[in-house]
Amino acid sequence: MQLFDLIHHKLRINTHWEAYYRFGFYRGDKSWDERSRYVTYEGSRYWPWEGNSLGFDRLFLLKSLQKSILIANNLPTPPLLMKVGRDYAINTIDLFRTAMADVDRPVMTKFDGGGSGVGIYSIAPENGSFRCGDRVVDADWIWAQYEPAMERGFLVEEKARNHAIMDAVNPDSLNTLRMTTVKTADGKWHLILPYVKFGRSGVHVDNLDAGGLFAAVDSSGVVVGAAYGKKSAESFEIHPDSGIGIKGFQVPFFEDACQLAIAASQTFGFMATIAWDVGITPDGPTIIEGNPYWDPEGKQDELGPFLSAEVAAGIAPRAWFTPWDRTHMYPHYMKDTHGGWWQQTLARRRRRWDTQLRRRLSLQPK
């Protein structure tokens, strides 16, 4: 009976067998409409990313370029102090030492191409040197962390501070809101399944890969249930390190954060869906970064389907006899270009496009 039911799900809403068991569709306690609104990489009724063109990937891969657009549109984001790398003005250790000598405030350093929380360091000036966690470092140490992949470049940006209420839960990382937006066929942007992320003690990022927790919030910014981790089945109604209650926690400036996520999405209106990481500072929300792809599977286990009925009604469902990902952008989209053959192909394509563009510009009259 389950075999026939699996085939029925595949034909009707394109459900992959893993999702069929993962989300308990075999129990029959969800309507067909609700089951169709679960989004998975292997296949689903709706694929919100199909409207995200590969031509705009550089706006999200290069965080410095994304940040420039945000600043140009007067959207709050931590100030960028410098870009470092082979293709940037600061491209030697001597120039970097000189630039860091003028840094007089806490900063974050990160790859200019993202990395799921990898390669992010919290640096604070201290008596002519810098402190990173429990160690004293200098500009040479920072340079050495990025030197093996210097072709990617890295950024030095001002560190965003937690609002006091957010800081009480976990002061060691910036605790952010994940605000995922989707644009429907009428051009309207919608916020879907927002959740808050809390880091853990001794870790300066709130990423789930680094042990962070996530919890759903309602339309007023109140945490409606327990928090969950990435690999553990445990749930937490209080933060395991600080002892601050998570269930019922009110996220400050939540309405402002919602408006900011929609405004940022409208600025990137040529996209179809974006997931924004929004920090809550003492002065209000600020955009840390936006991502054209967002991880649906680990959240829907606990929080339910990502798509609401309103959003699902406004985006195109999968048509018969067509690939469920016509863009062919995932699962290789945000991977390092030194990975598999598909990533390397995309990297060569980008370099070829850049070369052709530079050649055309050089032939244009001054």
Those residues of the range 119-169 that are in contact with a Lys or Arg (Cβ under 9 Å, 6 or more places away or on another chain) and among the hydrophobic types (A, V, I, L, M, F, W, C) come to a total of 11
When every residue in the range 61-84 that is at pLDDT 90 or above and either within 21 Å of A139 (Cβ to Cβ) or acidic (D, E) (or both) is compared, the one surrounded by the fewest Cβ atoms within 10 Å (Cβ to Cβ) is P79
Tell me, please, whether a residue that is touching a residue at least 12 places away in the same chain (Cβ under 8 Å) and assigned to a helix (DSSP H, G or I) can be found in the range 267-284. yes
T281 vs (1) touching a Ser or Thr at 6+ places or on another chain (Cβ under 9 Å); (2) under 25 Å from P79 (Cα atoms); (3) polar (S, T, N, Q): all pass except (1)
Restricted to the range 207-222 and to residues being outside any strand (DSSP E or B) and in contact (Cβ under 8 Å) with a residue 60 or more places away in the chain, the residue farthest from the chain's Cα centre (by Cα) is A210
Restricted to the range 30-47 and to residues being at pLDDT 90 or above and open to solvent by less than 50 Å² (accessible area, probe 1.4 Å), the residue farthest from the chain's Cα centre (by Cα) is K30
- Task: Inspect the range 182-200 for any residue being within 20 Å of G279 (Cβ to Cβ), at pLDDT below 90 and open to solvent by 60 Å² or more (accessible area, probe 1.4 Å) and give the result as yes or no.
- Result: no
Taking first residues from the range 40-62 that are more than 30 Å from F154 (Cα to Cα) and free of Cβ contacts under 8 Å to residues at least 40 places away in the same chain and second residues anywhere that are hydrophobic (A, V, I, L, M, F, W, C) and open to solvent by less than 50 Å² (accessible area, probe 1.4 Å), the pairs with Cβ under 7 Å that are 6 or more apart or on different chains are E42/A19
Residues of the range 265-302 being within 22 Å of Y41 (Cα to Cα) and either at pLDDT 90 or above or among the polar types (S, T, N, Q) (or both), in sequence order, are M271, A272, T273, I274, A275, W276, D277, G290, N291, Q300
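Going by the conditions given, is P252 open to solvent by less than 20 Å² (accessible area, probe 1.4 Å), over 27 Å from D57 (Cα atoms) and not in a strand (DSSP E or B)? I'd like the intermediate steps shown before the answer.
Numbers: open to solvent by less than 20 Å² (accessible area, probe 1.4 Å): yes; over 27 Å from D57 (Cα atoms): yes; not in a strand (DSSP E or B): yes.
When the stated conditions are applied, P252 passes them.
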Given the conditions (1) without any contact (Cβ under 8 Å) to a residue 24 or more places away in the chain; (2) in contact with a strand residue (DSSP E or B) (Cβ under 8 Å, 6 or more places away or on another chain), every one holds for Y121 apart from (1)
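Are any residues in the range 19-29 open to solvent by less than 80 Å² (accessible area, probe 1.4 Å) and part of a helix (DSSP H, G or I), and if so, which ones? Explain how you work it out, then say what you get.
Taking the range 19-29 and keeping what is open to solvent by less than 80 Å² (accessible area, probe 1.4 Å), we get 19-20, 23-25, 28.
Matches in the range 19-29: A19, Y20, F25.
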When every residue in the range 13-34 that is in contact (Cβ under 8 Å) with a residue 40 or more places away in the chain and touching a Lys or Arg at 6+ places or on another chain (Cβ under 8 Å) is compared, the one farthest from A185 (Cα to Cα) is F23
For the range 154-181, pairs from a residue that is farther than 23 Å from L80 by Cβ and in a helix (DSSP H, G or I) to a residue that is hydroxyl-bearing (S, T, Y) and at pLDDT below 95, with Cβ under 6 Å and 6 or more apart or across chains, are V169/S242
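Tell me, yes or no, whether the range 194-213 has at least one residue that is of a type in the set (V, I, T), farther than 30 Å from R131 by Cα and touching a helix residue (DSSP H, G or I) at 6+ places or on another chain (Cβ under 9 Å).
Within the range 194-213, the first condition is being of a type in the set (V, I, T), and the residues that meet it are 196, 203, 205.
Of the ones still in play, those that are also farther than 30 Å from R131 by Cα are none.
Scanning the range 194-213, I find no residue that is of a type in the set (V, I, T), farther than 30 Å from R131 by Cα and touching a helix residue (DSSP H, G or I) at 6+ places or on another chain (Cβ under 9 Å), so the answer is no.
Report, by residue number, each residue of the range 220-242 that is of a type outside the set (A, V, I, L, M, F, W, C) and either over 21 Å from V205 (Cβ atoms) or touching a helix residue (DSSP H, G or I) at 6+ places or on another chain (Cβ under 7 Å) (or both). Before the answer, list the steps.
Our first condition is that a residue be of a type outside the set (A, V, I, L, M, F, W, C); within the range 220-242, this holds for 220-221, 225, 228-232, 234-235, 237, 239-242.
Matches in the range 220-242: S220, G221, G225, Y228, G229, K230, S235, E237, H239, S242.
The values are calculated or read from the model by the stated rules, or taken from the named source; none is laboratory data. Quantities reported herein were computed from a predicted structural model and do not represent experimental measurements. Backbone-built Cβ (ideal geometry, glycine too); neighbour counts: all protein chains shown. We work out accessible area using only protein heavy atoms, side chains counted, and drop any ligands, DNA or RNA first. Shrake-Rupley method; radii C 1.70, N 1.55, O 1.52, S 1.80 Å.
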